[in-house]
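A quick write-up on the structure given underneath.
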Amino acid sequence: MKRILLWAVPLGILLLALAEWVLLANPGGRLAGLVLLSILLGFVGVFVLAPVTVAVGAMADRWGLVAATVLVGACLSVGVLAIIGSIERDKPGYVWKYGEPARVAIPDETTCTLSGYTCGGHWTLDGKTVHGGVTMSRAEYRSLRRSSGTPPDNAHHFEARVLGNRASTAGLRVRPASSVALGRVPEWTGWTACAVGLGAVLIAIVLPRRTSRTPSEAQ
């Protein structure tokens, strides 16, 4: 039996890592891959993070080891999922999938970030002028910088999709991965999961633990 476990455990870990890699490498499977990754990181954190392990031990004295591990692991997994969601919200693909079509204008003299090819611009949506960052492709950025002469209205115009104060141009040719759906996970879910976990730890520590009475005490 021990010999079987020596082979089965590493093989299981290897197969799980391989499945995770396949899911993350495929844009259509990234959603499932990141959800699985958040669950794995959550439950691994129960045994790797010393403060979390101590908290599980305190809860195990009251509710049992399995219940404490599942509760804390689930809270950590939700927290990791919320962090991944915030990362996905910052991607141009999220804006492209959930935004609205608009024509954005970038003033001839504006500031841009070199790393992400994002420039300050403005657009009109529902009769209101919105100022924000416009993320474009490298080719669009170069054409913007190399354009000779001054545009008629002192602005360069691009077709884009906008969401809030962010815009992604059509030149990016974004193909959003399935994982951008995690951007819809609100930020407060992570804080709520942390509050639930901390609350459970405090309850386990502060409230007295129930002990079963012996037959002699019952008499």
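A simple rule links phi to the HN-Hα coupling: the Karplus curve 6.51 cos²θ - 1.76 cosθ + 1.60 with θ = phi - 60°, which for the range 131-137 gives 9, x, x, 10, 8, 10, 7 Hz, with x for Gly and Pro. In terms of accessible area, using a 1.4 Å probe and ignoring ligands and nucleic acids, Lys97, Lys128 rank largest first as Lys128, Lys97. Residue-wise HN-Hα couplings along the range 73-86, as the Karplus relation 6.51 cos²θ - 1.76 cosθ + 1.60 with θ = phi - 60° gives them from phi, are x, 5, 5, 5, 5, 5, x, 5, 5, 5, 5, 4, x, 5 Hz; Gly and Pro carry x.
Once all protein chains are placed together, Val44 keeps about 80 Å² accessible to a 1.4 angstrom probe. Based on Cα contacts under 8 Å between residues 6+ apart, the chain shows a relative contact order of 25 percent.
Per-residue SASA remark: Arg166, around 70 Å² accessible (1.4 Å probe; ligands, DNA and RNA not included). Karplus-based coupling profile of the range 35-48, in residue order and whole Hz: 5, 5, 5, 5, 5, 4, 5, x, 7, 5, x, 4, 9, 9, with θ = phi - 60° in 6.51 cos²θ - 1.76 cosθ + 1.60 and x standing for Gly or Pro.
Excluding Gly133 itself, calculate the net charge of residues whose Cβ lies under 15 Å from the Cβ of Gly133, where each Lys or Arg counts +1 and each Asp or Glu counts -1.
Net local charge, Gly133 excluded: +2.
Per-atom-type breakdown for the range 96-155 gives carbon and sulfur 49% of the accessible area (1.4 Å probe, protein chains only). Extension gain for the segment Leu198 to Phe47, taken as residue separation times 0.36 nm less the Cα-Cα distance, is 52.7 nm to one decimal.
Using a probe of 1.4 Å, the accessible surface attributed to Ile203 totals some 80 Å² when neighbouring protein chains are kept in position. Between Ala155 and Trp188, the C-beta separation translates, for a Förster distance of 35 Å, into a calculated FRET efficiency of about 0.40.
Are there cysteines in the chain with no other Cys C-beta under 4.7 Å, and if so, which? Taking the Cβ cut-off of 4.7 Å, the unpaired cysteines of the chain are Cys75, Cys194.
What's the long-distance tail for the range 68-187, i.e. % of Cα pairs beyond 20 Å? Beyond 20 Å sits 48 percent of the P(r) for the range 68-187. Among Thr124, Thr189, Thr53, Thr169, the order of accessible area from largest down is Thr124, Thr53, Thr189, Thr169, computed with a 1.4 Å probe on protein heavy atoms.
The values are calculated or read from the model by the stated rules, or taken from the named source; none is laboratory data. This is a predicted model, so every value here is computed, not measured. As a convention, Cβ positions derive from the backbone with ideal geometry for all residues, glycine included, and neighbour counts pool all protein chains shown. The protein model used for the area step is the full one, side chains on, heavy atoms only, and it has no ligands, DNA or RNA in it. Shrake-Rupley method; radii C 1.70, N 1.55, O 1.52, S 1.80 Å.
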